[in-house]
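Inspection log for the structure reproduced underneath, given as structure tokens.
The values are calculated or read from the model by the stated rules, or taken from the named source; none is laboratory data. Keep in mind it's a predicted model, so treat the numbers as computed, not measured. Note that we place each Cβ from the backbone using ideal geometry, even for glycine, and neighbour counts take in every protein chain shown.
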Amino acid sequence: MIEVQGLTKRYGDTVAISDVSFQVARGEVVGFLGPNGAGKSTTMRIIAGSLGASAGTARVGNHDVADDPRGVQAILGYAPEVPPVYTNMSVRDYVSFAATLKGVDDVQAATKKALGRVGLDKVAHRLIEHLSKGYRQRVGLAQALVHDPKVLVLDEPTSGLDPAQRVEIRNLLAELAEGDRTVVLSTHVLGEIEAICSRVIIINRGKIVAQDELARLSAVGRAVKVEVARPGPGVLAALQALPGITGVDELEGRYVVRGDEDLREIVARAAVPFGLLEMSGRERLEDIYLRLTAGGAS
């Protein structure tokens, strides 16, 4: 449903993203992760047609973003981190305006449905300028949903929401993800990714550094995290010398050992002489993210 190939964006001598390529299938829900400044929003804006690329292509459905932006906009809903709302309009009028721009047949019915889905019914009459940041985020979501798009691209949709509101929007996103709707979701709340997404794409310094199913990234035994009483160069050397090891990283005094097979038994034996305190046979998404984006933009 989404196909990105060799996407590059330059601002003068600054390269925001470089040779970014990935695909998102119909009905797939994908988390798009990376530090601030890594290129997430740039990539999402290009896919949504609100920013041109310097090189490469992006397609949504059968539509090329550069050659057929109207075709893309008809099937795609985009909610940027900062919603581009007209603050002097009421919530209802703004969402109706968005529905009109998107060619919705029954604007009134579509507006009512979108406002209800994101919990804006009770404030529909209020001016957007009088709303909190959290409610403005909901307005941004409502305009993205008002034409019932087949593809959703959501950049930090729960930014500014309190914990209860986050749960509500998370449940909404899970509902939207059912069926054959395609969703690309960017957020710094990794728990939301784990709860909703089946696959993640991680970008760092403008380049894709990982893309895989969550279950594969955190497969039991293939990435083992250990903590020992006597850390130091000897521990690192002992772990790196183990057979079948593809990499060892030291993160905040703990060691993450990676390989193609279940490593738990051999890692435990190697760590015992150094005072094995704790070992986990599954790398959390947070650990994977920190490992792959260490030293990235913040």
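Out of the residues in region 160-195 that are among the aliphatic types (A, V, I, L, M) and in contact with a strand residue (DSSP E or B) (Cβ under 6 Å, 6 or more places away or on another chain), state the one that is nearest to V20 (Cα to Cα). Only one residue fits best here, namely V184. Of the residues making up region 110-138, those that are farther than 13 Å from L172 by Cα and either outside the structural domain of E156 (by TED's automatic domain parsing) or exposed (fewer than 14 other Cβ atoms within 10 Å of the Cβ) (or both) are D121, K122, H125, E129, H130, S132, K133. For region 104-114, state whether one or more residues are of a type outside the set (A, V, I, L, M, F, W, C), farther than 19 Å from E28 by Cα, modelled with pLDDT of 90 or more and touching a Leu at 6+ places or on another chain (Cβ under 9 Å). The answer is yes, given that some residue of region 104-114 is of a type outside the set (A, V, I, L, M, F, W, C), farther than 19 Å from E28 by Cα, modelled with pLDDT of 90 or more and touching a Leu at 6+ places or on another chain (Cβ under 9 Å). Taking first residues from region 184-195 that are part of a strand (DSSP E or B) and at pLDDT below 80 and partners that are among the aromatic types (F, W, Y) and surrounded by 15 or more Cβ atoms within 10 Å (Cβ to Cβ), no Cβ contact under 7 Å between residues at least 6 apart in sequence or on separate chains turns up.
A count restricted to region 43-77 and to residues that are among the polar types (S, T, N, Q), under 21 Å from I208 (Cβ atoms) and without any contact (Cβ under 8 Å) to a residue 24 or more places away in the chain stands at 0. Note on region 156-167: residues that are surrounded by fewer than 14 Cβ atoms within 10 Å (Cβ to Cβ) and either in contact with a His (Cβ under 6 Å, 6 or more places away or on another chain) or in a helix (DSSP H, G or I) (or both) amount to 2.
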